[in-house]
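Reading through the structure tokens given below for one structure.
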Amino acid sequence: MPQLRVFTFFPAFGLPTGGPFALKVLKWLDIGGIAYEQVIENNSGKGPNKKNPWIELDGERIPDSEIIIDRLARVYGFDIDAGLDSVERARLHGFRRMIEEHLHMVFEWEMFVHPNGRPFVMEVARSMAPRPLAGLAATMVCRQLGKQLHARGIARHADDVIVRKGIADVDAIEAALGDQAYLAGDRPSLADVSAYGMMQPMARWPMSTPVADHIKSRPGLCAWLDRIERLGSSKTPTVR
Ligand SMILES: N[C@@H](CCC(=O)N[C@@H](CS)C(=O)NCC(=O)O)C(=O)O
């Protein structure tokens, strides 16, 4: 049996990690019934791509949730999208890219730039470092993320435009879900797992930020996220 360690940010919002891509990997592993050790590492700079998450598979360090899942799917023979035809795979691929490349920017904007999100970053910093240092660290992280979002373009828009863009993603997902159990019908897909990683932290975080509040206000979306949360969660991973 390969030795698998998954490096994630700290647990948050009642979830095993607040990091959307790490939460996606953990949920995929749980659904696949694959054993792993979760290692809490809040410094993404230690990862091979300086991003969280990454894994160690028999000592080999592998970054990026998509590459990780692709590799592990082959190692463990678990394709969550097996049985989907190529058109359905293509449709769900588009949703996943929208979630991971666009909705993720809105997630980060609400947490690190929005005035209601930043106090959470400060609180986390305070739980990890003494007061003056914590304030400095939180300010630096928020500034760095703000710069990244500006470089990517999204933070150049007015606040209400960013919110509208985020809500458009959420509404598209809600429309695609309709009254189905999952995005592809009666079985979970990688797109569901990706959406869960991104949207469940927002649905659970206590801060009132506009797109997260929109998710919280949609009972069908919350029920779907909770349905995904229950998948494969009977077993507890080793956490270090
Ligand atoms: N495409 C990557 C995205 C990973 C990513 O953006 N991770 C963020 C946290 S959600 C990160 O490490 N940010 C820290 C930084 O950019 O310094 C994946 O799928 O894993």
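Observations, loosely collected:
- Once both labels are positioned 7 Å from their Cα atoms along Cα-to-Cβ, the gap between His157 and Asp79 label points is 3.6 nm.
- Reciprocal mean inverse distance between Cα atoms of segment 86-230 - Kirkwood radius, Å: 16.1 Å
- By the rule of a C-alpha distance below 12 Å, with chain neighbours fewer than 8 residues away ignored, the aspartates and glutamates paired with Lys24 are Asp64, Glu66, Glu100, Asp192, Glu229.
- The amide H of Asn42, built 1.01 Å from its N in the peptide plane, has no neighbour under 5 Å, considering only residues 5 or more places off or on other chains.
- Built amide H within the under 5 Å cut-off of Ser189, gap 5+: Leu183, Ala184
- Size of electric dipole in segment 105-240: Cβ of Lys, Arg +1 and of Asp, Glu -1, about Cα centre, debye, nearest 20: 640 debye
- Arranged from fewest to most other beta-carbon atoms within 10 Å of their beta carbon, His114, His93 become His93, His114.
- Chain lengthening between Glu174 and Ser127 when straightened (0.36 nm per residue, less Cα-Cα): 13.4 nm
- GNM top mover of Ser189, Ser86, Ser44 - the chain, alpha-carbon springs below 10 Å: Ser86
- The ranking of Asp192, Asp179 from fewest to most other beta carbons within 10 Å of each one's beta carbon is Asp179, Asp192.
- Its relative contact order, with pairs defined as Cα atoms under 8 Å and 6+ residues apart, puts the chain at 27 percent.
- Extent of segment 3-113 along its three principal axes (Cα atoms, max minus min coordinate, largest first): 39, 36, 27 Å.
- Restricting attention to the chain, close to 60% of DSSP beta bridges with both partner residues there are antiparallel.
- Cα-derived Rg over Rh, computed across segment 173-240 with Rh taken as Kirkwood radius: 1.00
Throughout, read-outs are computed from the coordinates displayed, never taken from laboratory work. Everything quoted here is computed from the prediction, not taken from an experiment. In this analysis, Cβ positions are derived from the backbone assuming ideal geometry, glycine residues included, and neighbour counts consider all displayed protein chains.
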